[in-house]
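Asker: Below you'll find the structure I mean.
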Amino acid sequence: MSRAIVLVGPMGAGKTTLGKKLAKKLGARFADTDRLIGGRHGSITRIFEKHGEDHFRNLETKYLEQALNEYDVVATGGGVVLREQNRNLLAGHRVIFLDTDSESVLGKINLEKRPLLKNDPSAWDRIYSERVELYRSMASATLFTGSRPIRTLMTELEELAVEN
């Protein structure tokens with residue numbers, strides 16, 4: 001199994017946007033685990049509403065494993081680090097924590113597509129504080145993305161992605 005470059009971090013940190021650009025720049029295959037799930041099972045909001053968070057987390061583990069085996073650059077959902085099984089799957093890959101803050105995120109994301117924030121956007125800070133140490137513990141590198149230009153972020157991300 002080859003090592004994937006995996007982007008972890010909170011909702012709205014730029015994992016999908018930067019992951020797509022990084023994969024294109026590297027000539028690599030890209031996957032977003034949330035999009036893989038959505039493509040097969042419908043919207044994540046609907047999965048949460050109909051089947052609950054635990055069912056979604058089971059799907060997340062399944063598609064994380066698939067993505068790590070089939071793609072070179074993988075953007076994960078914000079909660080992927082919550083399960084020990086997922087953290088074990090990430091071990092051995094190049095994990096980059098895309099860090100940000102609520103001020104940079106809440107003005108730009110579509111809350112309707114974020115089931116954990118839909119009814120309470122202020123939950124972002126609580127969710128972040130519950131997960132931040134897990135992101136840090138998994139990551140071999142950290143990049144702060146909040147309200148920074150994409151071009152600057154891509155230059156820094158490319159450097160982090162190829163470091164050993």
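The values are calculated or read from the model by the stated rules, or taken from the named source; none is laboratory data. Keep in mind that this is a model prediction, so the values were computed, not measured. Heads up, the Cβs are rebuilt from the backbone with ideal geometry, glycines too, and the neighbour counts pull from every protein chain shown. Please note that ligands, DNA and RNA were not included when accessible areas were found on the heavy atoms of the full protein model with its side chains. Shrake-Rupley method; radii C 1.70, N 1.55, O 1.52, S 1.80 Å.
Asker: If each residue of separation counts as 0.36 nm, what is the full-extension length gain between residue 40 and residue 158 once their alpha-carbon separation is subtracted?
Answerer: 39.4 nm
Asker: Would you list the P(r) distribution for region 60-103, with all Cα-Cα distances sorted into 10 Å bins from 0 and each bin expressed as a whole %?
Answerer: Computed distribution, short to long bins: 23, 60, 15, 2.
Asker: Next question. Over region 28-164, what relative contact order in percent results from Cα pairs under 8 Å that are six or more residues apart?
Answerer: 26 percent
Asker: Continuing with the same structure: Which entries in the list 24/118; 20/113; 15/62 go over 27 Å, if you measure between the two C-alpha atoms of each?
Answerer: The pairs that break the limit, which is 27 Å between Cα atoms, are 24/118.
Asker: Shifting gears a bit: Return the aspartates and glutamates within reach of residue 25: Cα separation strictly under 17 angstrom, same-chain partners fewer than 8 residues apart disregarded; answer none if there are no such residues.
Answerer: Candidates past the 8-residue exclusion: 72, 156, 158, 159, 163.
Asker: Near residue 48, within a Cβ-to-Cβ distance under 15 Å, what is the net charge of the other residues, with Lys and Arg +1 and Asp and Glu -1?
Answerer: -1
Asker: How many percent of the accessible area of region 67-119 is carbon or sulfur, using a 1.4 Å probe?
Answerer: Carbon and sulfur: 40 percent of the exposed surface of region 67-119.
Asker: Right, next: Please compute the per residue accessible area over the chain with all protein chains in place, 1.4 Å probe, rounded to a whole number of Å².
Answerer: 51 Å²
Asker: Taking 0.36 nm per residue of sequence separation and subtracting the Cα-Cα distance, how much length would be gained by fully extending the chain between residue 28 and residue 84, in nm to one decimal?
Answerer: Result for the pair: 17.4 nm of gain on full extension.
Asker: Mean residue ellipticity at 222 nm from the helices of the chain, using -39,500 (n - 2.57) per DSSP H segment of n ≥ 4 over the full residue count, to the nearest 500 deg cm²/dmol?
Answerer: -16000 deg cm²/dmol
Asker: Another question, then. Going out from 0 in 5 Å bins, what whole percent of all Cα-Cα distances in region 90-164 drops into each bin?
Answerer: 3, 14, 21, 21, 19, 15, 6, 1, 0
Asker: Let me ask something additional. Using just the C-alpha positions of region 19-74 as equal point scatterers, what log10 of I(q)/I(0) does the Debye formula give at each q in 0.14, 0.26 1/Å?
Answerer: One equal scatterer on each Cα of region 19-74 leads to -0.40, -0.95.
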